[in-house]
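Below is one structure; the comments refer to it alone.
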Amino acid sequence: MPNPSRPRTRATAALAASAGLIFALTACSPSSVTAGASPAGSTGSLMPDAHIHGLSVSSKTGQVLLATHEGLFDMTKQPATKIGATNDLMGFTGGTDHGVLYASGHPGEGSDLPNPLGLIRSTDAGKTWEQLSRQGESDFHALTATKSGIVGFDGRLRTSPDGKTWNTVPTDFVPAVLAGSPTSDTILATTPQGIRRSTDGGKAWNTVDTGPVLQFAAFASPADAVGVEPDGTVHSSADAGATWTRKGKIQGAVQAVAAVKGQEANLSIWAATAGGLVISTDGGVTFRPAADGS
């Protein structure tokens, strides 16, 4: 039977310190990655690239998209199929409408796009991209879409109602991941000190004192969220991240997470690991290779 997630006491404070090191070691930065450093298919696994920055699963079509250093890949097909141009998609998130994606990062070799990319948008599921704003200014490593607009972190937390005009939000934390739902204004920010939560589209933030120290988080619906600790321990929330319940554990280093709630109200969780994609169809209790079929 699932156990309630433990409060952040001294033990979790110690965990936060070690988590901070793991967060730092697993984060990719422009200075640590150069164009052509890890060619697609070089991972020795089912993953098309070693540097995975984002994962998206469509609740309508079931399409699984992987944002990487070498561009966007459709993981629904075997082998994985490249979509669009080769750009280093450091930040990646889905929009409100089907087929709408937002991304940020760096242009690929031979691209005439500015560096950094700023915020770019696709309305055809990644085949083509348009430049929205902050080209040559922002590399949003953390990025999410909400009911009110876009929230991103490029060294500063910024919010935008339309992806073109931006407001800077003073904060005392650096998010590893920003997780939101396009149909809600609740956002979760994962940090080495614990979960930060906003219910107004990123304008104001509170600390979730009873929550675990998460490295990754994702929403399956406005109310259902999942989170993964640095060691792979999985948690779920039925109240948009206010409280958490510990579930199972993902084996191997997790690099990105996505969640979908099906028509029968079942919660499916996807995780990209160095060894390949894994999926849970029992709310995070058990995981299996996604290649085994659903």
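Quick rundown of the values:
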{"quantity": "Which of ALA145, SER111, GLN135, positive extreme of dipole for segment 106-164 (C-beta unit charges)", "calculated": "ALA145"}
{"quantity": "Spatially proximal aspartates and glutamates relative to LYS249 (Cα-Cα < 16 Å; intrachain offsets below 8 disregarded)", "calculated": "GLU229, ASP231, ASP282"}
{"quantity": "In Å², nearest 10: area of ASP139 left accessible to a 1.4 Å probe", "calculated": "20"}
{"quantity": "Computed FRET value (nearest 0.05) for THR165 with ASN266, which takes r as the C-beta separation and R₀ as 41 Å", "calculated": "0.55"}
{"quantity": "Scattering profile of segment 229-294 at q = 0.14, 0.18, 0.23, 0.28 Å⁻¹ [log10 I(q)/I(0), Debye over alpha-carbon scatterers]", "calculated": "-0.38, -0.63, -1.01, -1.38"}
{"quantity": "1.4 Å probe accessible area per residue over segment 148-189, in Å²", "calculated": "41"}
{"quantity": "Entries of LYS147/LYS247; LYS127/LYS247; LYS60/LYS82 with Cα pairs more than 26 Å apart", "calculated": "LYS147/LYS247; LYS127/LYS247"}
{"quantity": "Largest to smallest principal axis extent of the C-alpha atoms in segment 45-139, angstrom", "calculated": "34, 30, 17"}
{"quantity": "Residues with amide H under 5 Å from that of GLY241, placed H, sequence gap 5 or more", "calculated": "ALA225"}
{"quantity": "Under Karplus coefficients 6.51, -1.76 and 1.60, residue-wise ³J(HN,Hα) of segment 74-86 in Hz, glycine/proline x", "calculated": "8, 7, 5, 9, 10, x, 4, 10, 6, 10, x, 6, 8"}
{"quantity": "From the C-alpha gyration tensor of segment 102-231, square roots of 5λ in Å", "calculated": "25, 15, 15"}
{"quantity": "Angstrom value of the Kirkwood radius, inverse mean 1/r, which spans all Cα pairs in segment 204-250", "calculated": "10.7"}
{"quantity": "Kirkwood hydrodynamic radius of segment 170-294, Cα pairs, Å", "calculated": "14.4"}
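The values are calculated or read from the model by the stated rules, or taken from the named source; none is laboratory data. Given the structure is predicted, the values throughout are model-derived calculations rather than measurements. Cβ atoms come from the backbone with ideal geometry, glycine included; neighbour counts cover every protein chain shown. Please note that ligands, DNA and RNA were not included when accessible areas were found on the heavy atoms of the full protein model with its side chains. Shrake-Rupley method; radii C 1.70, N 1.55, O 1.52, S 1.80 Å.
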